[in-house]
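*Asks:* One structure follows; several queries about it will come next.
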Amino acid sequence: AFHPVHTEAINMVVARTELLATLFFILTLIFYFNNKYALCYVSFFLSLISKEIAITLPVILLFYELLFMKKIDKNRYFKLIGVIIAYFIIRSVVLGGISSKDQAGILFTQTFFERAFTVIKVLGVYLKLLIIPYPLSPDYSDYSLGKSLFQPEVLVSMIVIIALIYFAYRYRKEKTIITFSMIWFFVAILPVSNIISIGALIGERFMYLPSIALPLLFIGIYETENMKLKKPILILTAVLICLFAMGTFFRNFEWKNNPALWGAV
């Protein structure tokens, strides 16, 4: 709620899609966990028609059940897939295809490997913004695309991503919530990471749903550490919340009007 990276999603009118999709996304999970499955499917559909990022919900739910429940209800997943199929049918009718005919992605001219390197670099930027949301900008068009594995940003991002994936797998039983927080982030951010080329290279508004991984991470750290460390963890969390709140308060002024916004850029 206090994270400065969310100032764009809240202040930028077009980013209302992120807010709506996330609202119905969370509602879907709540309904699912409380065995209100009819409401769950309706809420999932509303999340999908708010924004495409909701398509990641069955994947996140699958990992949740594998990690915490140790079982999978295949019948409910077939129904979730049925909702996705219905969504794509409606989308195709409205747009004349799966995607808009007039929308060209920002990476459509890149080769496969160049796009892969760009995706790795973009994921690294999002990870950095999640932990250290500074500096922030409404416009990231000056970021260079990935061209080689040996670009410093690409190489560092790849090392960090591999390390996180290894940690999540290695400690999936002892630190289950931490593992799930990492899965949440990577699954939720993939649709906007330009694996399928979209209209923006990087956008802070895209962090709205994936950033739920951060409180999950802190909960996981708190739950798995011994009693002596619980108090320092709470103090660190409180300090971060205060810093994030200050950053959010002052960043909101950048969205006051056009001169303030582009002056900040």
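*Asks:* Looking at (1) of a type in the set (Lys, Arg); (2) more than 25 Å from Phe2 (Cα to Cα); (3) not in a loop (DSSP other than H, G, I, E, B), find the lone condition where Lys147 falls short.
*Replies:* Among (1) of a type in the set (Lys, Arg); (2) more than 25 Å from Phe2 (Cα to Cα); (3) not in a loop (DSSP other than H, G, I, E, B), the lone unmet condition for Lys147 is (3).
*Asks:* A follow-up question, please. Restricting to region 217-240, name every residue that is surrounded by 13 or more Cβ atoms within 10 Å (Cβ to Cβ) and either at pLDDT 95 or above or not in a helix (DSSP H, G or I) (or both).
*Replies:* Of everything in region 217-240, just one residue is surrounded by 13 or more Cβ atoms within 10 Å (Cβ to Cβ) and either at pLDDT 95 or above or not in a helix (DSSP H, G or I) (or both), namely Glu225.
*Asks:* Let me ask you something else. What about Ile165, is it closer than 18 Å to Leu67 by Cβ, open to solvent by 20 Å² or more (accessible area, probe 1.4 Å), part of a helix (DSSP H, G or I) and touching a residue at least 60 places away in the same chain (Cβ under 8 Å)? Quick ask: steps written out before the conclusion?
*Replies:* Working: closer than 18 Å to Leu67 by Cβ: yes; open to solvent by 20 Å² or more (accessible area, probe 1.4 Å): yes; part of a helix (DSSP H, G or I): yes; touching a residue at least 60 places away in the same chain (Cβ under 8 Å): no.
For Ile165, the condition - closer than 18 Å to Leu67 by Cβ, open to solvent by 20 Å² or more (accessible area, probe 1.4 Å), part of a helix (DSSP H, G or I) and touching a residue at least 60 places away in the same chain (Cβ under 8 Å) - is not met.
*Asks:* State whether the residues of region 120-136 include one that is modelled with pLDDT of 85 or more, part of a loop (DSSP other than H, G, I, E, B) and surrounded by 15 or more Cβ atoms within 10 Å (Cβ to Cβ).
*Replies:* The initial filter retains those residues of region 120-136 that are modelled with pLDDT of 85 or more, namely 120-136.
Cutting the leftovers down to part of a loop (DSSP other than H, G, I, E, B) gives us 132-136.
After this cut, where a residue has to be surrounded by 15 or more Cβ atoms within 10 Å (Cβ to Cβ) as well, the list is 133, 136.
Looking for residues that are modelled with pLDDT of 85 or more, part of a loop (DSSP other than H, G, I, E, B) and surrounded by 15 or more Cβ atoms within 10 Å (Cβ to Cβ), one finds at least one in region 120-136, hence yes.
*Asks:* Report every pair of residues separated by at least 6 positions or lying on different chains whose Cβ atoms are under 8 Å apart, first residue within region 56-70 and farther than 13 Å from Leu190 by Cβ, second of a type in the set (A, V, I, L, M, F, W, C) and outside any helix (DSSP H, G or I).
*Replies:* Pairs that qualify, where the first residue is farther than 13 Å from Leu190 by Cβ and the partner is of a type in the set (A, V, I, L, M, F, W, C) and outside any helix (DSSP H, G or I), are Leu62/Ile72; Glu65/Ile72; Leu66/Ile72.
*Asks:* Additional query: Can you run down the residue pairs with Cβ atoms below 7 Å, 6 or more apart or on separate chains, where the first is in region 225-238 and without any contact (Cβ under 8 Å) to a residue 12 or more places away in the chain and the partner is open to solvent by less than 90 Å² (accessible area, probe 1.4 Å) and not small (Gly, Ala, Ser)?
*Replies:* As it stands, the answer is Glu225/Ile233; Lys230/Tyr222, since those pairs meet every condition given.
*Asks:* Just for region 241-265: of the residues that are of a type in the set (D, E, K, R) and touching a helix residue (DSSP H, G or I) at 6+ places or on another chain (Cβ under 6 Å), which one is most open to solvent (accessible area, probe 1.4 Å)?
*Replies:* First pass over region 241-265, keeping only residues of a type in the set (D, E, K, R): 251, 254, 256.
If we keep only those that are touching a helix residue (DSSP H, G or I) at 6+ places or on another chain (Cβ under 6 Å) as well, we get 251, 254.
On the way: Arg251: 14, Glu254: 52 Å².
Among residues in region 241-265 that are of a type in the set (D, E, K, R) and touching a helix residue (DSSP H, G or I) at 6+ places or on another chain (Cβ under 6 Å), the one most open to solvent (accessible area, probe 1.4 Å) is Glu254.
*Asks:* Would you check if Ile72 is in a helix (DSSP H, G or I) and either among the aliphatic types (A, V, I, L, M) or out of contact with any Cys (no Cβ under 6 Å at 6 or more places or on another chain) (or both)?
*Replies:* On the way: in a helix (DSSP H, G or I): no; either among the aliphatic types (A, V, I, L, M) or out of contact with any Cys (no Cβ under 6 Å at 6 or more places or on another chain) (or both): yes.
The answer is no for Ile72.
*Asks:* Across region 118-161, what is the total count of residues that are among the aromatic types (Phe, Trp, Tyr) and within 15 Å of Leu201 (Cα to Cα)? So that I can check it myself, show each step before the final result.
*Replies:* Filtering region 118-161 for residues among the aromatic types (Phe, Trp, Tyr) gives 126, 134, 140, 143, 150.
Subsequent filtering for residues that are within 15 Å of Leu201 (Cα to Cα) retains 126, 140, 143.
Number satisfying all stated conditions: 3.
*Asks:* Could you pull out every one of the helices (runs of 4 or more DSSP H) wholly within region 1-53 that has 2 or more residues that are without any contact (Cβ under 8 Å) to a residue 40 or more places away in the chain and within 17 Å of the chain's Cα centre (by Cα)?
*Replies:* On the way: elements: 7-11, 16-33, 37-50.
Helices (runs of 4 or more DSSP H) meeting the threshold: 16-33, 37-50.
The values are calculated or read from the model by the stated rules, or taken from the named source; none is laboratory data. If you're wondering where the values come from, they're calculated on a predicted model, not measured in any experiment. Positions of Cβ are generated from backbone atoms using ideal geometry, with glycine treated the same way; all protein chains shown enter the neighbour counts. Surface accessibility is based on the protein's heavy atoms, side chains included, excluding ligands, DNA and RNA. Shrake-Rupley method; radii C 1.70, N 1.55, O 1.52, S 1.80 Å.
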